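The values are calculated or read from the model by the stated rules, or taken from the named source; none is laboratory data. Since the structure is predicted, the reported quantities are computational estimates derived from the model, not experimental observations. Using ideal geometry, Cβ is built from the backbone for each residue, glycine included, and neighbour counts are taken over all protein chains shown. Only protein heavy atoms, including side chains, enter the accessible area calculation; ligands, DNA and RNA are left aside. Shrake-Rupley method; radii C 1.70, N 1.55, O 1.52, S 1.80 Å.
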Amino acid sequence: MVLYPVMRKLLDKRVVLASASPRRQEILSHAGLRFTVVPSKFKENLSKASFPTPYAYAMETAKQKALEVARRMHQKDLRAPDIVIGADTIVALEGLILEKPVDKTDAYSMLSRLSGKEHSVFTGVAIVQCSSQGGGLDLDVSEFYEETRVRFSQLSEELLWEYIHSGEPLDKAGGYGIQALGGMLVEAIHGDFHNVVGFPLNRFCKKLAELYHPPRPEDRPREKQDSIPAEDTFDGLGDSEGAGPGQGGARGDRRRPRAPGREHAKDADRKPSVESVPPTAVLELIDGYKVSKALFTACKMKLFDLLRDKGPLSALDVARKIGASEGGTGQLLDVCAGLGLLDKTEGGYSNTPLATLYLLSDGEYSLHSFIMTQEEVSWPFFSYLDFAVREGTVQAQRAMGTAGEDHYQESFYKNREKKLQFMRAMHGHTKVAARQVATAFDLSGFTSACDLGGCTGALAYELARQYPGLKVTVFDLPEVIEDAVCFQPHGPEAGQVSFVPGDFFQDTLPEADLYILSKILHNWPDDKVHQLLSRISRSCKPGGGLLVAEQLLDEDKCRPLPALMMSLNMTVLFQARERSLSEYRSLLQAHGFTDVRAVRTGSTSDAVLATRA
Ligand SMILES: Cc1cn([C@@H]2O[C@H](COP(=O)(O)OP(=O)(O)OP(=O)(O)O)[C@@H](O)[C@H]2O)c(=O)[nH]c1=O
């Protein structure tokens, strides 16, 4: 087995390990990797309930840890490292994710759950390849995870407490360290030991082999989609053969998480059993709609507003205040607590920071109206997904009782109340990512911008805040512009933004050096997109820019999940879709835009910038 070429590939690169874990540092330095440690400041507070599997959660956390470091270093130095590695280790038992215990009692509760049972340790790893171009930062993320099964012996109370008092559990996922005293608790382990300790070294090396020496197409295993190299080896990585990043198509392939049971090529012959492929992921998928509906219902009842104003409250108090049954209200509140939206204490229920930030109806980053449009518009359309797939048409007649063309009007502009709700929905959804989109590239060279279909000005105001020399025109339909004033902020940035009514498919576009399309192109099929881009191209002067803010699909179109779901949403509602970076690149290039670059924000919009040749 050729070991060193894997690491040698990285010798001339600035590698950063975005982790404070001494174990990860040790594993990687023992393997001969040279790197700098920059611990991530990403707060590990993603909602676990929103991930279909524990490993999806670990991979996303790993990714966010690495992205935070890449962005911070780029902002500080204007030069990001070449590679940032992030990792996250979790322990999963019977659908429950255990991270580091917060105190000894928490460690006790974790270890006593693990006692006498088998659990899984998942480490998610993200390898972020960075390139800085013209002040911008292009980030390509590859992620994977490894699973190791660990069986604990039956632990006596005495042993448990002695172990807890040793102090070892507190900085370790699941409350134990297999590499030290915790090794004595372990009866059996199936899989990579290093993965339990915090870093799946073997799988990492295979991933590097894939990234820096992608197999030739004819050598690839026949079973498409499997991201594991066919051979269980790192051979063939001789320096003379190495294809650099960007060659061979390996960059940017944030591969799909593998379904359990498709883990190793050599396992392919083994018949899957309910032990090796537990049904958890399927059971969680079955419950997806219940989770969404519970969130929609709590928002509709404005439970989070009530708990902000009057909380903490008991289930009975909440039930009385909203005029609902005590039993049903209690169930809904408990579900919200289980989903990480509420805290439940003896004093009653109160909002978690996640709910405070996004679920109040009037918060600065409120997604409340967006959630309500999902409930009122998307939900009925999704009920007819099978018809939409079979017939390839918008199911407006079945879902709304209206003809296809009228449903946009009916759904969003039927009356002023509906229109304002739609505007608030767009405002919140844009606002949560606005700062990341506005700062994804250095736009300080532009003096005027025009946000086409900019609605309430959520992105325009953020651009104005970030670039005090920039004047931004929001161009949108007259019925939108007449109510945009309701969303005007109080700061000085308001003076930099003006509103012009018009239809971007018909009217003359305002002059600007930078045009912006935020959440517009995903509303339209390719022919309409070409029509719009051709109009912008004619208005845009050479050297001018076009900033597109949309959720980017990976090149294989199977990830990331939020972009994938938004794409399905656009198909069901409008026969439109989300696109990958290469699809945007060819659309933009067809209209004279070059130098197409992207920054993935991990939020509700990624950013793509192109220059008019
Ligand atoms: C099961 C197990 C875990 N760990 C450690 O648990 C931490 C997990 O936490 P994390 O959030 O993934 O990492 P972190 O320590 O907070 O570091 P960071 O990467 O900066 O988030 C990591 O340390 C791992 O080694 C062990 O040392 N031995 C074990 O047997």
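Per-structure values
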{"read-out": "Test for K172: is it more than 31 Å from the chain's Cα centre (by Cα) and of a type in the set (D, E, K, R)", "value": "no"}
{"read-out": "Filter pass, V150 being touching a Leu at 6+ places or on another chain (Cβ under 9 Å) and over 13 Å from S120 (Cα atoms)", "value": "no"}
{"read-out": "Number of positions in segment 110-130 that are open to solvent by 30 Å² or more (accessible area, probe 1.4 Å) and more than 14 Å from R151 (Cβ to Cβ)", "value": "1"}
{"read-out": "Enumerated helices (runs of 4 or more DSSP H) restricted to segment 343-418, each holding at least 1 residues that are under 25 Å from G288 (Cβ atoms), open to solvent by 20 Å² or more (accessible area, probe 1.4 Å) and in contact with a His (Cβ under 7 Å, 6 or more places away or on another chain)", "value": "368-373, 396-400"}
{"read-out": "Residue tally, condition crowded, with 18+ Cβ neighbours inside 10 Å, more than 8 Å from the ligand (Cβ to nearest atom) and assigned to a helix (DSSP H, G or I), over segment 156-192", "value": "6"}
{"read-out": "Matching option when the condition is buried (at least 22 other Cβ atoms within 10 Å of the Cβ), of a type in the set (A, V, I, L, M, F, W, C), without any contact (Cβ under 8 Å) to a residue 60 or more places away in the chain and assigned by TED's automatic domain parsing to the domain that holds Q551, among A460, A449", "value": "A460"}
{"read-out": "Residue check, M59 open to solvent by less than 60 Å² (accessible area, probe 1.4 Å), within 24 Å of the chain's Cα centre (by Cα) and under 16 Å from P200 (Cα atoms)", "value": "yes"}
{"read-out": "Complete set of residues in segment 4-19 that are more than 9 Å from the ligand (Cβ to nearest atom) and modelled with pLDDT of 90 or more", "value": "R14, V15, V16"}
{"read-out": "Top-ranked residue of segment 20-37 - restricted to ones that are part of a helix (DSSP H, G or I) and within 12 Å of the ligand (Cβ to nearest atom), ranked as least open to solvent (accessible area, probe 1.4 Å)", "value": "L28"}
{"read-out": "Output for segment 193-213, where each listed residue is open to solvent by less than 10 Å² (accessible area, probe 1.4 Å), in a helix (DSSP H, G or I) and near the ligand (Cβ under 10 Å from one of its atoms)", "value": "N195"}
{"read-out": "Answer from G401, G392, G454 - the residue that is among the small types (G, A, S) and at pLDDT below 90", "value": "G401"}
{"read-out": "Candidate set: segment 138-155, residues that are more than 22 Å from C205 (Cβ to Cβ) and open to solvent by 10 Å² or more (accessible area, probe 1.4 Å); chosen: the one farthest from the ligand (Cβ to nearest atom)", "value": "D138"}
{"read-out": "Filter result (open to solvent by less than 30 Å² (accessible area, probe 1.4 Å) and either away from the ligand (no atom under 14 Å from the Cβ) or among the acidic types (D, E) (or both)) within segment 63-103", "value": "A70, H74, A80, P81, I83, D88"}
{"read-out": "Residue pairs meeting the criteria (Cβ under 7 Å; at least 6 apart or on separate chains; first within 17 Å of M59 (Cβ to Cβ), in segment 34-47; second open to solvent by less than 50 Å² (accessible area, probe 1.4 Å) and among the β-branched types (V, I, T))", "value": "S40/V69; E44/T61; L46/T61"}
{"read-out": "Of the criteria (1) assigned by TED's automatic domain parsing to the domain that holds T123; (2) exposed (fewer than 14 other Cβ atoms within 10 Å of the Cβ); (3) more than 16 Å from the ligand (Cβ to nearest atom); (4) at pLDDT 85 or above, which one R222 fails", "value": "(4)"}
{"read-out": "Some residue of segment 478-496 being assigned to a strand (DSSP E or B) and either at pLDDT below 95 or open to solvent by less than 30 Å² (accessible area, probe 1.4 Å) (or both)", "value": "no"}
